[in-house]
Amino acid sequence: MAPPKCAPCVPLSDKPADSSLRDAALASTMLSPYGVALKKKDEEDGLFIHTDCYLFAGDPDQKWQTLIGKYWMPSSFVTLGIGNMVLTRWLSNVPIRAKGSIWKMPLVAVVGWVGGLKCRDYLRDYTAERDAHMLHYCRLHPKDFPREKRVQYKDYLTYWFPIR
């Protein structure tokens with residue numbers, strides 16, 4: 001099994017067609033299609049573990065990666081780099097365009113963008129490996145993660161008598 005590459009993120013309207021209502025609700029909030037397929041495979045093999053364990057399944061195809069999640073780290077590195085340059089010049093009372101600093105800004109932007117991409121990839125791979133270890137542990141020890149009994153509202157609500 002390949003480790004997942006990004007955190008699970010599924011649109012709320014995307015529900016698996018052949019699952020129960022509870023599974024569809026869980027899939028819309030936490031499980032990627034990869035997690036749903038892995039859960040079905042585990043149930044066919046006789047592993048009935050808690051649904052929360054499939055939080056670690058991830059989305060190896062990265063079909064549900066958002067634009068903000070994709071570009072926030074590189075753009076923040078660029079902003080921090082250029083902001084650091086401007087703040088240093090401003091605090092030392094040197095004009096921003098003085099001493100050839102204008103040509104350094106695109107260079108800092110490129111270095112910041114590449115550094116942000118590398119940092120994002122490292123963080124994604126680190127969390128994917130960690131999640132793969134956790135999922136592997138959950139699948140090896142299914143008795144430590146039993147399915148909980150489904151709780152319904154009727155178990156908690158009592159009959160109401162209005163006082164008139």
The stretch 88-110, subset among the small types (G, A, S) and in a helix (DSSP H, G or I), residue nearest to M73 (Cα to Cα): A109
Residue satisfying all of: in the stretch 106-164; of a type in the set (D, E) and within 30 Å of I82 (Cβ to Cβ); modelled with the lowest pLDDT among these: D125
Out of all the residues in the stretch 70-78, is one or more outside any loop (DSSP other than H, G, I, E, B), out of contact with any Cys (no Cβ under 7 Å at 6 or more places or on another chain), at pLDDT 85 or above and charged (D, E, K, R)? yes
Can you find a residue that is in contact (Cβ under 8 Å) with a residue 12 or more places away in the chain, in a loop (DSSP other than H, G, I, E, B) and surrounded by 12 or more Cβ atoms within 10 Å (Cβ to Cβ) anywhere in the stretch 127-143? no
Got a number for residues in the stretch 46-69 being modelled with pLDDT of 75 or more and outside any helix (DSSP H, G or I)? 1
Sole exception among (1) surrounded by 10 or more Cβ atoms within 10 Å (Cβ to Cβ); (2) within 15 Å of the chain's Cα centre (by Cα); (3) of a type in the set (A, V, I, L, M); (4) modelled with pLDDT of 65 or more for V10, by number: (4)
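The values are calculated or read from the model by the stated rules, or taken from the named source; none is laboratory data. Everything numeric in this text was worked out from a predicted model, so none of it was measured. Because the Cβ atoms are built from the backbone with ideal geometry, glycine has one as well, and the counts that use them run over all protein chains shown.
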